Amino acid sequence: MNSPNFATGIELKPIGQGFGCEVIGLDLSAPLPESDFARIRQAWYDHSFLVFRDLGMNPEQHIAFTRRLGPLHIMEREFNLPDHPEVMVIAKEERDGKPYGSRRVGLGWHSDGEDKRIPNAGSLLYGLTIPPEGGDTMFADMYAAYAALPQRLKRAIQGRRARFSRIDMHHVHYPDLPALTEAQKRDRPDVFHPLVRQHPRTGRSSLFVGRWARDVEGKPSEEGRVLMEELFAFAQNEAFTYRHRWRQNDAVLWDNRCMLHRAMGYDEERYVRHMHRTTIEGDVPRMAAPE
Ligand code: SIN
């Protein structure tokens, strides 16, 4: 399929169940005209995530391409590339007796930065070394989840915000890590986000839940918790998900403002999985107007 709209011979091929698109033929070693870049950005808005094949991208190219989508967020981790702090490394191996990447990142459904006041707009994950089995990443379309939500649940969340709590959920998601210190708790206070979020570019409404969402503002804690569990289970329905089986040199750009994702495990004793991620700054989530 040729895409005549691209000056550089790029092709777009929809994948997934009504969301997601493959971008074939992007060559980051050559300048990408603004008109082609604008079409890729529009495809990202339209399809919520893009899969790029055979990129062969170095950290400079990775940063330069993502920066065209918006200012980059530097992750507050020790596992950013030393010369390129915009790039977070995900790997479990060690160099000189020290871990050089963050391991077991994103093993539950989430969107990046959901537990911060200003969550991230998007992320571009690049696969340098891919295990022969396992290590997939799953994506879930929160526009579709919201559209399919029973009226009873739509009414229950209209105009409401969820409480996202690193403090309450840290021991649940990271049972093997030490408890948060008082200083860490001060750095990561609870935040409240609209349960129905309006995308700042597309204007569409999506369900905003994730693994750090604990309960619902203004509802008794237990009632809010039960509601969050029901919404979170609904969001994971197969009908809304796509599983990305990585090939070496794939990159996936996703939109955190309308999607959840999760990393799937792999056999860490047998295989290497080495990924680089850039992360785009976002904005304060906006409550969608009632339907
Ligand atoms: C992430 O949550 O950004 C990591 C996803 C992955 O490694 O598959």
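Looking only at the range 125-150, which residues have a backbone nitrogen under 14 Å from a spot 7 Å from the Cα of Tyr271 in the C-beta direction?
Label zone hits: 127-138.
Beyond a 31 Å Cα-Cα separation, which of these cross-linked pairs lie in this structure: Lys98/Lys185; Lys92/Lys219; Lys13/Lys92; Lys92/Lys116; Lys92/Lys154; Lys13/Lys116?
Beyond 31 Å: Lys92/Lys219; Lys13/Lys92; Lys92/Lys154; Lys13/Lys116.
Just to be sure I understand the rule: take each whole DSSP H helix in the chain, project its Cα atoms onto its long axis, keep it if the span is 20 Å or more and its mean Kyte-Doolittle hydropathy is at least -0.5. Which ones pass?
221-235
Counting each DSSP H run of 4 or more residues in the chain as -39500 (n - 2.57), what helix-only mean residue ellipticity at 222 nm follows after dividing by all residues, to the nearest 500 deg cm²/dmol? Don't jump to the answer; show the numbers that get you there.
Numbers: 7 runs with 66 residues, N = 291.
Computed mean residue ellipticity for the chain: -6500 deg cm²/dmol.
For Tyr174 and His84, calculate 0.36 nm times their separation in residues minus their Cα-Cα distance, and state this gained length in nm to one decimal.
29.7 nm
Using all alpha carbons of the chain, what is the percent of pairwise distances in each 10 Å bin, ordered from the shortest bin to the longest?
Pair shares across the bins are 6, 28, 36, 23, 7, 1.
Can you send over the carbon and sulfur percentage of the accessible area for the chain, probe radius 1.4 Å, protein chains only?
Details: 6660 of 13740 Å².
C and S atoms contribute 48 percent here.
Order these peptides, 179-187, 157-165, by their mean beta-carbon neighbour count within 10 angstrom, highest first.
157-165, 179-187
What ranking of Glu217, Glu238 comes out by heavy-atom accessible area, probe 1.4 Å, highest first? Mind showing how you got there, number by number?
Details: Glu217 70, Glu238 145 Å².
From most accessible down to least: Glu238, Glu217.
Spin-label point model (7 Å from Cα, Cβ direction): what's the Ala289 to Glu230 distance in nm?
In this crude spin-label approximation the distance works out to 2.8 nm.
Give me the 1.4 Å probe accessible area per residue for the chain, excluding ligands and nucleic acids, in Å². It would help to have the intermediate numbers written out before the result.
Working: 13740 Å² over 291 residues.
With the other protein chains kept in place, the chain gives 47 Å² per residue.
Can you give the extra length, in nm with one decimal, that the chain gains between Gln184 and Asn237 once fully stretched, where that is 0.36 nm per residue apart less the Cα-Cα distance?
Taking 0.36 nm per residue and subtracting the Cα distance, the gain is 15.7 nm.
The values are calculated or read from the model by the stated rules, or taken from the named source; none is laboratory data. Note that this is a predicted model, so its numbers are computed, not measured. Positions of Cβ are backbone-derived with ideal geometry, glycine not excepted, and every protein chain shown enters the neighbour counts. Only protein heavy atoms, including side chains, enter the accessible area calculation; ligands, DNA and RNA are left aside. Shrake-Rupley method; radii C 1.70, N 1.55, O 1.52, S 1.80 Å.
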